[in-house]
Amino acid sequence: MYHKIIRIFTLFVFSIMFFSCVPTRQFQELKNKNDKCVDERDSLKSFNESLTVKNTESLSEIEELKKEIVDLASSKADIEDTLSFYSKKYNVYKKLYDDNTLNQNKYDSSNDNETKLLLAEIQATKNDLQKREDKLKELELALNSKQKEIDAKNKNLLVIDSELKEKQKELEEQSKKYIELQNIINRQDSAVAVLKEKVTDALLGFENKGLSINVRNGKVYVSMEEKLLFKSGKYNVDSKGINALKKLSGVLEQNKEINILVEGHTDNVPYHGTGNIKDNWDLSVMRATAIVKTLLNNSKIEPKRITAAGRGKYVPLESAKTSEARRKNRRTEIILTPKLNELFQILESN
């Protein structure tokens, strides 16, 4: 979702660069903040996934260690039971031997073999007992080592879990920002759709007579051909053009949250004028200014909402070197954009 938001936002940013009430430098700062926010979100998401994997692995390792400890404890218990048995057995044999030694004078030589067998049994039992004691010590050492390892894993798990919760919280905050941003953009899209409908209704009689209305990149474009507004090479607005602009100005006056950019465009045929107009660029500026004044003179639009710009021959609709292409390129575009104050506030808080 956030990639879609960023694409939409980027289109908004670049499309209102010329006429936004926010200065270019501040605009760039907002864009930089937004880019940084995107990078941080991606980084947090990746880090969050990494921590989740590490957390799962640590839990698995701890469970494995717990099983090993249970097995070791069971083995230890078995050895302790066996050790107890052999200890008792050893004590019995030892007592028999001691008794035999104390009373050896009472036995004849025929009992020597029995004594030797008893001594051998005692020694074997003693050796086995020693081995089992050694094994028990090994198990105790292994058990202590595993317990230390599991304690270290638990400690590390607590650190990972704490860090995971912190990053998850940051990620949730970022997601909340983007949802808020998406909601604002959706409202802007709705506002643009409503505005287009109002403009279309107001200029209904002029469509297909050199006027077209469409939506591009979150803005309403009202495009007027030269024939609707001006005589060739002139910048005084014709009466039919004034009528169209009057109807449009009524809509713009009512919708105060709309910024207005008027762009003058010419063809690529060199213009050789005199006085204030030297070339096509001058002509495009004068035409844009004339339309701005017409809009202001026929409404109560605040002048700070409107901008005049001359683009000369440099943004053609058609690149063909034909009279039809040149006719389409000689136009004036009135570009209407909802104000993006909420959008800027979100980016600044980011």
- Message: Looking at the stretch 266-273, can you tell me whether even one residue there is closer than 14 Å to LEU336 by Cβ and not basic (Lys, Arg)?
- Response: no
- Query: Looking at (1) of a type outside the set (S, T, N, Q); (2) out of contact with any Gly (no Cβ under 8 Å at 6 or more places or on another chain); (3) more than 24 Å from LYS246 (Cα to Cα), which is the one condition that is false for ASP189?
  - Reply: (2)
- Item | Filter result for LEU229 (more than 22 Å from ALA191 (Cα to Cα) and aliphatic (A, V, I, L, M)) | yes
- Keeping to the stretch 256-282, report how many residues are within 24 Å of GLU207 (Cα to Cα) and either in contact with a strand residue (DSSP E or B) (Cβ under 8 Å, 6 or more places away or on another chain) or outside the structural domain of THR337 (by TED's automatic domain parsing) (or both). 9
- So which of ALA152, ALA142 is part of a helix (DSSP H, G or I) and farther than 29 Å from LEU44 by Cα? ALA142
- Task: Working only within the stretch 195-232, note down all residues that are more than 20 Å from ASN255 (Cβ to Cβ) and in a helix (DSSP H, G or I).
- Result: GLY205, GLU226, LYS227, LEU228, LEU229
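The values are calculated or read from the model by the stated rules, or taken from the named source; none is laboratory data. The structure presented is a predicted model; accordingly, all values stated were derived computationally and were not measured. Here the Cβ is made from the backbone with ideal geometry for all residues, glycine too, and neighbour counts use every protein chain on show.
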